[in-house]
1. Can you name every residue in region 198-212 that is part of a strand (DSSP E or B) and either surrounded by fewer than 19 Cβ atoms within 10 Å (Cβ to Cβ) or in contact with an Asp or Glu (Cβ under 9 Å, 6 or more places away or on another chain) (or both)?
2. For N54, all conditions in the list (1) assigned to a loop (DSSP other than H, G, I, E, B); (2) modelled with pLDDT under 90 hold save one; what is the number of the exception?
3. Exactly one of these conditions fails for V83: (1) closer than 27 Å to R207 by Cα; (2) open to solvent by 50 Å² or more (accessible area, probe 1.4 Å); (3) modelled with pLDDT under 75. Give me its number.
4. Provide a single number: the residues in region 123-146 that are touching a residue at least 12 places away in the same chain (Cβ under 8 Å) and not in a loop (DSSP other than H, G, I, E, B).
5. Under the condition of being modelled with pLDDT under 80 and among the acidic types (D, E), which residue from region 266-307 is surrounded by the most Cβ atoms within 10 Å (Cβ to Cβ)?
6. Does T251 satisfy the criteria of being among the polar types (S, T, N, Q), within 30 Å of T148 (Cβ to Cβ), modelled with pLDDT of 80 or more and open to solvent by less than 100 Å² (accessible area, probe 1.4 Å)?
7. Within region 308-323, count every residue that is open to solvent by 90 Å² or more (accessible area, probe 1.4 Å) and either touching a residue at least 60 places away in the same chain (Cβ under 8 Å) or not in a loop (DSSP other than H, G, I, E, B) (or both).
8. Check whether at least one residue in region 287-295 is out of contact with any strand residue (DSSP E or B) (no Cβ under 8 Å at 6 or more places or on another chain), without any contact (Cβ under 8 Å) to a residue 40 or more places away in the chain and aromatic (F, W, Y), and report yes or no.
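The values are calculated or read from the model by the stated rules, or taken from the named source; none is laboratory data. Here the structure is a predicted model, which means the values were calculated and not measured. Heads up, the Cβs are rebuilt from the backbone with ideal geometry, glycines too, and the neighbour counts pull from every protein chain shown. Just so you know, the surface numbers come from the protein's heavy atoms only, side chains and all, with ligands and any DNA or RNA stripped out. Shrake-Rupley method; radii C 1.70, N 1.55, O 1.52, S 1.80 Å.
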Amino acid sequence: PMNSDAKNSTQRPARVRNNFGLCLSDITLGEKSYKEIVSYGSGCGATSVGTTFNTNYLRELTDDMNSLRVKVYSILEHHQYLVPFLKPFNRLQFSINGNKGLQHEKTCQNIQTGMHCDMSYSFSDKNGIQCLPTMNSQEFNTVVAIITVGHSRIIKFERVAWEKGITGDVLETRYFILTHLSLFLLHPLDERPALRDKGSKVLSIWRHGDVRLLCNNHSCRVRCDATCHVENENIVSFSLSLALRCCNHSTIIDTETDSPPLSNDDRQQLQLPPLNDAQKERNINATIELQKYYQSGSKAMFDAWLLRATRKVLDEFYASIDK
(Lines give C-alpha, C1' and ligand atoms only; values in the text may rest on other atoms or scores of the structure.)
Protein backbone atom coordinates (compact mmCIF):
# COMPACT_ATOMS: atom_id res chain seq x y z
CA PRO A 1 0.00 0.00 0.00
CA MET A 2 1.13 3.54 -0.81
CA ASN A 3 0.30 6.88 0.80
CA SER A 4 -0.99 5.08 3.90
CA ASP A 5 -4.49 4.69 2.47
CA ALA A 6 -4.76 0.89 2.77
CA LYS A 7 -5.27 0.53 -0.95
CA ASN A 8 -3.24 -0.88 -3.80
CA SER A 9 -2.91 -0.19 -7.49
CA THR A 10 -5.91 -2.34 -8.41
CA GLN A 11 -8.15 0.04 -6.47
CA ARG A 12 -6.67 3.46 -7.21
CA PRO A 13 -4.72 5.18 -9.96
CA ALA A 14 -1.21 4.38 -8.79
CA ARG A 15 1.40 1.66 -8.93
CA VAL A 16 2.54 -0.83 -6.33
CA ARG A 17 6.31 -0.32 -6.16
CA ASN A 18 8.77 -2.93 -4.91
CA ASN A 19 12.31 -1.68 -4.39
CA PHE A 20 15.48 -3.75 -4.64
CA GLY A 21 19.13 -2.71 -4.48
CA LEU A 22 22.66 -4.04 -4.42
CA CYS A 23 23.84 -4.90 -0.90
CA LEU A 24 26.93 -2.85 -0.01
CA SER A 25 27.57 -4.24 3.47
CA ASP A 26 26.21 -6.41 6.28
CA ILE A 27 25.95 -4.90 9.77
CA THR A 28 25.48 -6.76 13.06
CA LEU A 29 24.45 -5.11 16.36
CA GLY A 30 24.18 -7.76 19.06
CA GLU A 31 21.53 -10.21 17.84
CA LYS A 32 20.16 -7.82 15.20
CA SER A 33 21.34 -7.74 11.63
CA TYR A 34 21.11 -4.95 9.07
CA LYS A 35 22.09 -4.41 5.46
CA GLU A 36 23.23 -1.28 3.70
CA ILE A 37 21.40 -1.37 0.35
CA VAL A 38 21.58 0.95 -2.64
CA SER A 39 18.40 3.03 -2.77
CA TYR A 40 16.69 5.55 -5.01
CA GLY A 41 15.67 8.67 -3.14
CA SER A 42 17.63 8.04 0.06
CA GLY A 43 19.17 11.27 1.29
CA CYS A 44 16.97 13.52 -0.84
CA GLY A 45 13.45 12.25 -0.20
CA ALA A 46 11.57 8.99 0.29
CA THR A 47 12.63 5.91 -1.64
CA SER A 48 9.08 5.78 -2.97
CA VAL A 49 6.66 8.67 -3.03
CA GLY A 50 4.24 8.58 -0.11
CA THR A 51 5.93 5.88 1.96
CA THR A 52 6.58 6.09 5.69
CA PHE A 53 9.57 4.58 7.46
CA ASN A 54 7.68 1.42 8.38
CA THR A 55 6.30 0.95 4.84
CA ASN A 56 9.51 1.94 3.05
CA TYR A 57 10.43 -1.61 2.11
CA LEU A 58 13.79 -2.16 0.44
CA ARG A 59 15.22 -5.59 -0.32
CA GLU A 60 18.49 -6.96 -1.61
CA LEU A 61 18.61 -7.83 -5.31
CA THR A 62 17.83 -11.50 -5.95
CA ASP A 63 20.14 -13.72 -7.99
CA ASP A 64 17.81 -13.44 -11.00
CA MET A 65 17.75 -9.66 -10.68
CA ASN A 66 21.53 -9.54 -10.55
CA SER A 67 21.70 -11.66 -13.70
CA LEU A 68 19.18 -9.37 -15.39
CA ARG A 69 21.01 -6.12 -14.55
CA VAL A 70 24.30 -7.54 -15.84
CA LYS A 71 22.65 -8.86 -19.01
CA VAL A 72 20.91 -5.58 -19.85
CA TYR A 73 24.10 -3.60 -19.22
CA SER A 74 26.10 -5.93 -21.48
CA ILE A 75 23.54 -5.42 -24.28
CA LEU A 76 23.59 -1.64 -23.98
CA GLU A 77 27.38 -1.27 -23.82
CA HIS A 78 27.63 -2.63 -27.39
CA HIS A 79 26.07 0.63 -28.58
CA GLN A 80 28.89 3.17 -28.60
CA TYR A 81 26.59 6.21 -28.42
CA LEU A 82 25.25 4.92 -25.07
CA VAL A 83 28.60 4.14 -23.44
CA PRO A 84 29.17 7.69 -22.05
CA PHE A 85 25.81 7.41 -20.28
CA LEU A 86 26.25 3.94 -18.80
CA LYS A 87 27.27 2.84 -15.34
CA PRO A 88 26.55 -0.64 -13.94
CA PHE A 89 22.97 -0.87 -12.71
CA ASN A 90 22.72 -1.36 -8.94
CA ARG A 91 19.05 -0.72 -8.28
CA LEU A 92 15.76 -2.15 -9.57
CA GLN A 93 12.19 -0.99 -9.06
CA PHE A 94 9.67 -3.73 -9.74
CA SER A 95 6.24 -2.14 -10.22
CA ILE A 96 2.81 -3.73 -10.56
CA ASN A 97 0.58 -1.56 -12.74
CA GLY A 98 -2.90 -2.78 -11.83
CA ASN A 99 -4.94 0.06 -13.33
CA LYS A 100 -7.97 -0.68 -11.15
CA GLY A 101 -8.14 -4.23 -12.46
CA LEU A 102 -10.72 -5.17 -9.84
CA GLN A 103 -13.23 -2.64 -11.14
CA HIS A 104 -15.50 -3.22 -14.10
CA GLU A 105 -15.72 0.17 -15.74
CA LYS A 106 -13.31 2.65 -17.29
CA THR A 107 -10.36 0.32 -16.73
CA CYS A 108 -8.09 2.34 -19.01
CA GLN A 109 -8.67 5.91 -17.93
CA ASN A 110 -6.61 6.02 -14.77
CA ILE A 111 -3.19 7.62 -14.76
CA GLN A 112 -0.55 5.53 -12.98
CA THR A 113 2.18 8.15 -12.58
CA GLY A 114 2.22 11.94 -12.68
CA MET A 115 4.48 14.02 -14.93
CA HIS A 116 8.00 14.23 -13.55
CA CYS A 117 11.74 14.07 -14.22
CA ASP A 118 14.00 11.44 -12.66
CA MET A 119 16.81 13.99 -12.36
CA SER A 120 16.30 17.43 -10.82
CA TYR A 121 18.19 20.55 -11.94
CA SER A 122 18.40 23.73 -9.90
CA PHE A 123 19.66 27.24 -10.55
CA SER A 124 21.53 29.87 -8.56
CA ASP A 125 22.94 33.23 -9.62
CA LYS A 126 26.33 32.20 -8.25
CA ASN A 127 26.66 28.69 -9.75
CA GLY A 128 24.18 28.70 -12.64
CA ILE A 129 22.45 25.43 -13.60
CA GLN A 130 23.35 22.51 -11.34
CA CYS A 131 22.43 18.88 -10.79
CA LEU A 132 23.10 18.57 -7.06
CA PRO A 133 23.78 15.20 -5.37
CA THR A 134 21.69 16.40 -2.40
CA MET A 135 18.65 16.54 -4.70
CA ASN A 136 19.39 13.43 -6.78
CA SER A 137 20.22 9.89 -5.73
CA GLN A 138 20.47 8.61 -9.31
CA GLU A 139 23.99 8.79 -10.72
CA PHE A 140 24.40 11.92 -12.82
CA ASN A 141 24.21 11.53 -16.60
CA THR A 142 23.11 7.88 -16.65
CA VAL A 143 20.32 6.10 -18.53
CA VAL A 144 17.37 4.29 -16.96
CA ALA A 145 16.37 0.99 -18.59
CA ILE A 146 12.70 -0.06 -18.32
CA ILE A 147 11.49 -3.57 -19.19
CA THR A 148 7.76 -4.18 -19.65
CA VAL A 149 6.04 -7.53 -19.04
CA GLY A 150 2.36 -8.10 -19.75
CA HIS A 151 -0.24 -5.55 -20.87
CA SER A 152 1.18 -2.65 -22.89
CA ARG A 153 1.44 0.77 -21.26
CA ILE A 154 1.35 4.28 -22.72
CA ILE A 155 3.87 6.82 -21.45
CA LYS A 156 3.56 10.52 -22.17
CA PHE A 157 6.47 12.91 -22.74
CA GLU A 158 6.16 16.68 -22.49
CA ARG A 159 8.76 19.26 -23.42
CA VAL A 160 8.29 22.21 -21.11
CA ALA A 161 9.94 25.59 -20.82
CA TRP A 162 12.50 25.80 -18.02
CA GLU A 163 13.80 28.98 -16.42
CA LYS A 164 15.94 29.12 -13.29
CA GLY A 165 14.59 25.84 -11.98
CA ILE A 166 10.93 26.61 -12.69
CA THR A 167 8.95 24.82 -15.41
CA GLY A 168 6.58 26.73 -17.66
CA ASP A 169 4.39 26.13 -20.71
CA VAL A 170 4.18 22.78 -22.50
CA LEU A 171 5.94 23.21 -25.86
CA GLU A 172 5.60 19.72 -27.30
CA THR A 173 3.93 16.39 -26.45
CA ARG A 174 4.75 12.85 -27.56
CA TYR A 175 3.47 9.38 -26.66
CA PHE A 176 5.28 6.03 -26.62
CA ILE A 177 3.85 2.53 -26.21
CA LEU A 178 5.76 0.18 -23.92
CA THR A 179 4.91 -3.27 -25.26
CA HIS A 180 5.39 -6.72 -23.76
CA LEU A 181 9.12 -7.56 -23.36
CA SER A 182 10.19 -4.15 -24.70
CA LEU A 183 13.30 -2.36 -23.40
CA PHE A 184 12.80 1.40 -23.12
CA LEU A 185 15.56 3.87 -22.25
CA LEU A 186 15.18 7.19 -20.46
CA HIS A 187 18.11 9.29 -21.69
CA PRO A 188 19.65 11.81 -19.24
CA LEU A 189 20.15 14.48 -21.90
CA ASP A 190 16.37 14.75 -22.36
CA GLU A 191 15.98 15.98 -18.78
CA ARG A 192 18.86 18.47 -18.95
CA PRO A 193 17.87 22.13 -19.52
CA ALA A 194 18.97 23.05 -23.05
CA LEU A 195 18.18 25.23 -26.08
CA ARG A 196 16.09 22.99 -28.31
CA ASP A 197 14.31 25.45 -30.62
CA LYS A 198 16.22 27.12 -33.44
CA GLY A 199 16.38 30.88 -32.95
CA SER A 200 14.86 30.73 -29.45
CA LYS A 201 16.55 31.57 -26.16
CA VAL A 202 14.06 29.52 -24.15
CA LEU A 203 15.54 26.56 -22.27
CA SER A 204 13.42 23.41 -22.12
CA ILE A 205 13.42 19.93 -20.60
CA TRP A 206 11.55 16.70 -21.35
CA ARG A 207 9.49 15.22 -18.53
CA HIS A 208 7.56 11.96 -18.56
CA GLY A 209 4.60 10.35 -16.82
CA ASP A 210 0.80 10.05 -17.16
CA VAL A 211 1.42 6.32 -17.57
CA ARG A 212 -1.68 4.19 -18.15
CA LEU A 213 -2.47 0.77 -19.56
CA LEU A 214 -3.21 0.56 -23.27
CA CYS A 215 -6.95 0.41 -23.94
CA ASN A 216 -8.27 -2.37 -26.19
CA ASN A 217 -10.64 0.14 -27.72
CA HIS A 218 -8.54 1.52 -30.57
CA SER A 219 -10.61 4.70 -30.78
CA CYS A 220 -9.67 5.59 -27.22
CA ARG A 221 -7.00 8.29 -27.00
CA VAL A 222 -6.39 10.33 -23.87
CA ARG A 223 -9.45 9.22 -21.92
CA CYS A 224 -12.10 6.52 -22.15
CA ASP A 225 -15.08 6.92 -24.43
CA ALA A 226 -18.47 5.20 -24.19
CA THR A 227 -17.32 1.92 -25.80
CA CYS A 228 -14.27 1.30 -23.59
CA HIS A 229 -16.23 -0.65 -20.99
CA VAL A 230 -17.38 -3.17 -23.63
CA GLU A 231 -13.92 -3.45 -25.20
CA ASN A 232 -12.21 -4.06 -21.84
CA GLU A 233 -14.94 -6.07 -20.12
CA ASN A 234 -13.04 -9.36 -20.08
CA ILE A 235 -9.54 -7.93 -19.75
CA VAL A 236 -7.53 -8.42 -16.58
CA SER A 237 -5.38 -5.32 -16.71
CA PHE A 238 -1.90 -6.25 -15.65
CA SER A 239 1.51 -4.84 -16.49
CA LEU A 240 4.88 -5.15 -14.82
CA SER A 241 7.70 -2.67 -15.17
CA LEU A 242 11.28 -3.32 -14.13
CA ALA A 243 13.29 -0.09 -13.97
CA LEU A 244 17.06 -0.48 -13.76
CA ARG A 245 19.21 2.48 -12.78
CA CYS A 246 22.54 3.39 -11.19
CA CYS A 247 22.26 5.17 -7.84
CA ASN A 248 24.81 6.69 -5.50
CA HIS A 249 22.84 6.69 -2.23
CA SER A 250 22.08 3.88 0.19
CA THR A 251 19.76 3.02 3.09
CA ILE A 252 20.34 0.85 6.15
CA ILE A 253 17.61 -1.79 6.39
CA ASP A 254 16.53 -4.05 9.25
CA THR A 255 16.64 -7.59 7.79
CA GLU A 256 13.61 -8.65 9.89
CA THR A 257 11.29 -5.97 8.48
CA ASP A 258 12.98 -5.03 5.16
CA SER A 259 12.52 -1.40 6.24
CA PRO A 260 14.64 1.22 8.04
CA PRO A 261 15.16 0.72 11.81
CA LEU A 262 12.49 2.48 13.89
CA SER A 263 14.06 2.35 17.36
CA ASN A 264 15.97 5.54 18.12
CA ASP A 265 18.40 3.50 20.25
CA ASP A 266 19.22 1.32 17.25
CA ARG A 267 19.38 4.33 14.98
CA GLN A 268 21.85 6.02 17.33
CA GLN A 269 24.14 2.96 17.26
CA LEU A 270 23.91 2.94 13.47
CA GLN A 271 24.72 6.68 13.43
CA LEU A 272 21.33 7.52 11.90
CA PRO A 273 19.28 10.59 12.86
CA PRO A 274 16.40 9.96 15.30
CA LEU A 275 12.81 9.94 14.06
CA ASN A 276 10.93 13.14 14.80
CA ASP A 277 7.38 13.31 16.19
CA ALA A 278 5.79 13.80 12.75
CA GLN A 279 7.56 10.73 11.37
CA LYS A 280 6.48 8.65 14.40
CA GLU A 281 2.86 9.76 13.94
CA ARG A 282 2.92 8.82 10.25
CA ASN A 283 4.31 5.40 11.16
CA ILE A 284 1.46 4.82 13.63
CA ASN A 285 -1.16 5.90 11.06
CA ALA A 286 0.43 3.68 8.41
CA THR A 287 0.27 0.68 10.75
CA ILE A 288 -3.43 1.30 11.40
CA GLU A 289 -4.19 1.63 7.69
CA LEU A 290 -2.16 -1.49 6.92
CA GLN A 291 -4.26 -3.45 9.41
CA LYS A 292 -7.42 -2.16 7.70
CA TYR A 293 -6.00 -3.36 4.37
CA TYR A 294 -5.76 -6.91 5.74
CA GLN A 295 -8.99 -6.91 7.76
CA SER A 296 -11.22 -5.33 5.10
CA GLY A 297 -10.57 -8.09 2.60
CA SER A 298 -8.61 -5.82 0.27
CA LYS A 299 -5.54 -8.03 0.51
CA ALA A 300 -7.55 -11.13 -0.38
CA MET A 301 -9.07 -9.29 -3.36
CA PHE A 302 -5.62 -8.19 -4.49
CA ASP A 303 -4.22 -11.72 -4.16
CA ALA A 304 -7.10 -13.13 -6.24
CA TRP A 305 -6.65 -10.45 -8.91
CA LEU A 306 -2.89 -10.99 -9.01
CA LEU A 307 -3.36 -14.75 -9.49
CA ARG A 308 -5.80 -14.23 -12.39
CA ALA A 309 -3.58 -11.61 -13.97
CA THR A 310 -0.45 -13.74 -13.65
CA ARG A 311 -2.21 -16.68 -15.31
CA LYS A 312 -3.31 -14.39 -18.14
CA VAL A 313 0.25 -13.19 -18.77
CA LEU A 314 1.59 -16.76 -18.69
CA ASP A 315 -1.15 -17.99 -21.06
CA GLU A 316 -0.34 -15.22 -23.54
CA PHE A 317 3.38 -15.97 -23.26
CA TYR A 318 2.99 -19.68 -24.00
CA ALA A 319 0.49 -18.92 -26.78
CA SER A 320 3.10 -16.68 -28.45
CA ILE A 321 5.68 -19.48 -28.26
CA ASP A 322 3.28 -21.95 -29.88
CA LYS A 323 2.80 -19.58 -32.81
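1. Residues satisfying the conditions are L203, S204, I205, W206, R207, H208, G209, D210.
2. (1)
3. (3)
4. Residues in region 123-146 being touching a residue at least 12 places away in the same chain (Cβ under 8 Å) and not in a loop (DSSP other than H, G, I, E, B): 9 in total.
5. Checked region 266-307; the qualifying residue surrounded by the most Cβ atoms within 10 Å (Cβ to Cβ) is E289.
6. yes
7. 7
8. yes
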